[in-house]
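K.L.:
This structure is in structure tokens; I'll ask about it shortly.
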Amino acid sequence: MEKIEHTTVRTNGINMHVASIGAGPPVLFLHGFPELWYSWRHQLLSLSSLGYRCIAPDLRGFGDTDAPPSPTSYTAMHIVGDLIGLLDHLGIDQVFLVAHDWGAVMAWWFCLFRPDRVKALVNMSVAFSPRNPKRKPVDGFRALFGDDYYICRFQEPEEIEKDFDSIGTAAVMKRFLTSRSPKPPCIPKDRGVKSWAAPVTLPAWLTEEDLSYVVSKFSKSGFTGGLNYYRALNLTWELTGPWTGLQIKVPVKFIVGELDVTYNIPGVQDYIHKGGFKRDVPFLQEVVVMEGAAHFIAQEKPDEVSQHVYDFIKKF
């Protein structure tokens, strides 16, 4: 881990913290919520040892990267703009993208906006979701799961932050990172995040040292930056009308844990396995469902995930 270099890059109007290691074809790793570059620690070491230049930023709003206060600064345009600026700064023309959760959402947009900059994509957890011109995404989640669904509860500025503060950063992190329920995550207004079961012990893949690093960063930055991704969902929808109906035209491998909440949203498994996904992502080459794995697969199954990434990107 001490061989990983840490730098700050000025891009798209913000200062971005970037972890990197290795030399060779560049691989850009995009993390999710509530995470950091650190979620890719295993893959950085593994892929760099196999001859790749591994680059893992803290995305806008997270960790040691700047966190503009307004939710309107967190659209897909902003995040992809940050990443294009990062690649330009580093003098990189094309990358392999490896992404998870919110990083995966932004990787899909990256491929729609700038496919010329992507050699291939390994995406995890969140399958492509074509823009529905008739319904904003938050409205869709509300109709499907109700007002207590976590994405709906995250919409009101400062409301969920106060709820998180009531139990502390460490307790919030433990609840998020150790959840293995495939059911829709709901946060009842009367009980808040306290209603989520707190783990008695950490899983084998998450050490106290790992937890303390992530907690230290979120204790400093707060959760608002990450929550603003959810608050900008509908704004991204409003801005991306011109891309309605566009296919993802880069080679793709998709990996998901069978217990991941994203994989258990009604209709998603049919979409992935019965032709919809391949229709919208015509160069989809492989779908991997990891048995017994939950949401944070890059950390829970690090060796398998690193091997899956390597097996795919070495073809190009």
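The values are calculated or read from the model by the stated rules, or taken from the named source; none is laboratory data. All values reported here derive from a predicted model rather than from experimental measurement. For neighbour counting, all protein chains shown are included, and Cβ atoms are generated from backbone atoms with ideal geometry for every residue, glycine included. Note: areas computed on protein heavy atoms with side chains; ligands, DNA, RNA excluded. Shrake-Rupley method; radii C 1.70, N 1.55, O 1.52, S 1.80 Å.
K.L.:
Convex hull volume of the Cα atoms in region 173-251, per residue, in Å³?
P.N.:
So the per-residue Cα hull volume is 196 Å³.
K.L.:
Ordered by packing density, taken as the mean number of other Cβ atoms within 10 Å over each peptide's residues, highest first, how do 85-98, 138-151 rank?
P.N.:
Answer by packing, highest mean first, reads 85-98, 138-151.
K.L.:
Considering only the chain, what is the antiparallel percent among its DSSP beta bridges, to the nearest 5?
P.N.:
Of all bridge pairs located within the chain, approximately 35 percent are antiparallel.
K.L.:
A follow-up question, please. Using a probe radius of 1.4 Å on heavy atoms only, what accessible surface per residue do you get for the chain? Whole Å² is fine.
P.N.:
Averaged over the residues of the chain, the accessible area is 42 Å².
K.L.:
What is the extension gain from K3 to T207, computed as 0.36 nm multiplied by their sequence separation minus the C-alpha to C-alpha distance, in nm to one decimal?
P.N.:
In short, 71.4 nm is gained.
K.L.:
Counting each DSSP H run of 4 or more residues in the chain as -39500 (n - 2.57), what helix-only mean residue ellipticity at 222 nm follows after dividing by all residues, to the nearest 500 deg cm²/dmol?
P.N.:
Dividing the helical sum by the residues of the chain leaves -11000 deg cm²/dmol.
K.L.:
Given that compact globular proteins tend to follow 2.2 N^0.38 Å, what is the ratio of the alpha-carbon Rg of the chain to that value?
P.N.:
Taking N as the residue count of the chain, the ratio is 0.93.
K.L.:
When only alpha-carbon atoms are used, what values of Rg and Dmax, in angstrom, describe region 209-316?
P.N.:
17.1, 45
K.L.:
Relative contact order of region 1-123: what whole-number percent is it, with Cα pairs under 8 angstrom and at least 6 residues apart?
P.N.:
Computed over region 1-123, the figure is 28 percent.
K.L.:
Identify, among V200, C186, P157, the residue whose Cα sits farthest towards the positive end of the charge dipole of region 128-232, taking +1 on the Cβ of Lys and Arg and -1 on the Cβ of Asp and Glu, with the dipole about the Cα centre.
P.N.:
C186
K.L.:
What number, in percent, do you get for the relative contact order of the chain if the mean sequence gap of Cα pairs under 8 Å and at least 6 apart is divided by its residue count?
P.N.:
In percent, rounded to a whole number, it is 21.
K.L.:
Distance between Cα centroids, region 102-129 to region 42-63: provide it in whole Å.
P.N.:
That distance is 16 Å.
K.L.:
Next up: Roughly speaking, what % of Cα-Cα pairs in region 126-233 are separated by over 16 Å, rounded to a whole number?
P.N.:
When all Cα pairs of region 126-233 are counted, 64 percent exceed 16 Å.
K.L.:
For K134 and A197 in one chain, what is 0.36 nm times their gap in residues minus the Cα-Cα distance, to one decimal in nm?
P.N.:
19.0 nm
K.L.:
Continuing with the same structure: Could you tally the net charge around P57, taking each other residue with its Cβ under 10 Å from the Cβ of P57, Lys/Arg +1 and Asp/Glu -1?
P.N.:
Computed value for this residue: -2.
K.L.:
Between A143 and Q269, what FRET efficiency follows from the Cβ-Cβ distance if R0 is 22 Å, with the result rounded to 0.05?
P.N.:
After rounding to 0.05, the efficiency reads 0.65.
K.L.:
At 1.4 Å probe size, with the rest of the protein present, what percent of the exposed accessible area of the chain is carbon and sulfur atoms?
P.N.:
Taking all protein chains in place, the chain shows 52 percent carbon and sulfur surface.
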